[in-house]
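The values are calculated or read from the model by the stated rules, or taken from the named source; none is laboratory data. Nothing here was measured: the structure is a model prediction, and the numbers come from that model. Every residue, glycine as well, gets a Cβ built from its backbone with ideal geometry; the counts of neighbours run over all protein chains shown. Note: areas computed on protein heavy atoms with side chains; ligands, DNA, RNA excluded. Shrake-Rupley method; radii C 1.70, N 1.55, O 1.52, S 1.80 Å.
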Amino acid sequence: MSCPKFEACGGCRYRDMRYDNYCQLKQKHFIDTLSPIISPRCKINQPLFIPDKTRRRASLAFEISKSGLILGFNSQASHKITNIQSCPLLTPKLNKILPFVKGLLEDICQTPYNIKKGKKQISANITKGDVFICEADNGIDLVLEYNAPLSLEQRMIIFEKSQTDNDVIRISHRKDTFSSTETIIEKITPFIKIGNYEVMIPAGTFLQPSAQGQETLTGLVIKYMQSVQGNIADLFCGVGTFSYFLCDLSDVKITAVDSSKDLLKGFNDSINRNQIKNIQIINKNLFKYPLDAAELKDFSAIVFDPPRAGASAQCKEIASAPVKPEIIVAVSCNPATFVNDAKMLISGGYNLKEVTMVDQFIYSDHSELVAFFTK
């Protein structure tokens, strides 16, 4: 699908290519990146491509210019915002909501708020920030992010505007990515379906970019885990994307580990609501404090899905452990750091049996993968 903004926008570098040529190029880049760890015994599966119109979450930047409010994505290697009216990556419901989002931000930016400067109260206006949009299964979730408090007038704007669109079910605010998120209006708690469960999602939470991508990744993980019994570790578990599928296997217990207290609180609330008895949640920074040999010996299998930095500390512990899990399934959003992780596992006695590229970021340089290791 063509897009008039692709040359300016930083998201779709290869959108001007024919689709089949793009797929061949993406697969070649993928295999070239993995070449240091690929052996004749490793099966490279057919890549799986997630199409346009499926991206269910996005982060948009906004700023006030001379011509009005600009809302869109950052340009290639720049802080300049490419103004958009729609995006071929996004789901139809997210594209439909963009005019509402722009109108809400315009009203908020036109409404001053008071800040204390010395002993005086001065008036100021919001001039820039970000907005996170997410399509849950039951409606649209918005998080406004800018470094300013919400005045009473702005809160009233948010409340009144939210009543004009039935698709918007929650609007929240935070000052920056590391600040706590305050929900301003919640008509109903957003949820997504993961496996057999309705999972309530916290505001601004990390999700797989598309529902189709989530299904693809979880399908591959279950393919490799379906015969496992005993204890399974779900490391860097996030909202529990894999745990909800794994817990339905027979004779298993899941230990889900992540460093985010906010994510784990929502995860814990959800497993209690769904009365899931075989998932245990642990709050732990696996970059600083990976599971050690004493902990690893209790697991039959491990699935891990780290951020782009990879899981080098954890893979080092797995490789050196005297008693190792029989199966490891690695999910990665960065094939380059995955190569480093895989080298450690291979040096520790694992065989890389299969790897599959999953392209959730169509027409970009980014790709994900699922890899299957056996001891």
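Observations on the model:
- Whole-Hz Karplus values for segment 362-369 come out as 4, 6, 10, 7, 7, 8, 10, 8 Hz, taken residue by residue from phi with 6.51 cos²θ - 1.76 cosθ + 1.60 and θ = phi - 60°; glycine and proline positions read x.
- Surface per residue (accessible, 1.4 Å probe) for segment 214-357, Å²: 41
- Between G310, G240, G230, the GNM of the chain built on Cα springs shorter than 10 angstrom shows G230 fluctuating the most.
- Per-atom-type breakdown for segment 33-164 gives carbon and sulfur 52% of the accessible area (1.4 Å probe, protein chains only).
- Using all pairs of distinct alpha-carbon atoms, the Kirkwood hydrodynamic radius of segment 272-331 works out to 12.8 angstrom.
- Under the Karplus curve 6.51 cos²θ - 1.76 cosθ + 1.60, θ = phi - 60°, whole-Hz ³J(HN,Hα) for segment 128-135, x wherever Gly or Pro sits: 6, x, 9, 9, 9, 10, 9, 9
- Using alpha-carbon coordinates, inclination of helix 211-225 to the longest axis of the chain, degrees: 20
- Principal-axis tilt of helix 335-347 within the chain, Cα atoms, nearest 10 degrees: 20
- Cα-based convex hull, segment 227-353, per residue volume (Å³, whole number): 97
- Using bins of 5 Å that start at zero, the share of Cα-Cα pairs per bin across segment 50-98 amounts to 5, 20, 26, 22, 17, 7, 2, 0, in whole %.
- Dipole size of segment 93-176 about its Cα centre, with +1 on Lys/Arg Cβ and -1 on Asp/Glu Cβ: approximately 620 debye, rounded to the nearest 20.
- Unit Cα scatterers, Debye sum, segment 131-265: log10 I(q)/I(0) for q = 0.09, 0.13, 0.20 Å⁻¹: -0.34, -0.63, -1.16
- Protection-proxy order for peptides 272-282, 257-267, each taking the mean of Cβ atoms within 10 Å per residue, highest first: 257-267, 272-282
- Value in Å of the Kirkwood radius, where segment 283-375 supplies the Cα pairs that are averaged: 13.4
- Straight Cα distances below 16 angstrom link K5 to the aspartates and glutamates D16, D52, with same-chain residues fewer than 8 positions distant left out.
- Greater than 27 Å apart at Cα, pairs in K261/K316; K119/K175; K277/K375; K96/K261: K277/K375; K96/K261
- Computed Kirkwood radius, in angstrom, where 1/r is averaged over Cα pairs of segment 1-138: 18.2
- Acute angle (nearest 10 degrees) that the helix 152-162 long axis makes with the longest principal axis of the chain, alpha-carbon atoms: 70
- Rolling a 1.4 Å probe over the protein heavy atoms of segment 194-353, with every protein chain left in place, gives an accessible area that is 48 percent carbon and sulfur.
- Calculated Rg and Dmax of the chain using C-alpha coordinates, Å: 22.3, 72
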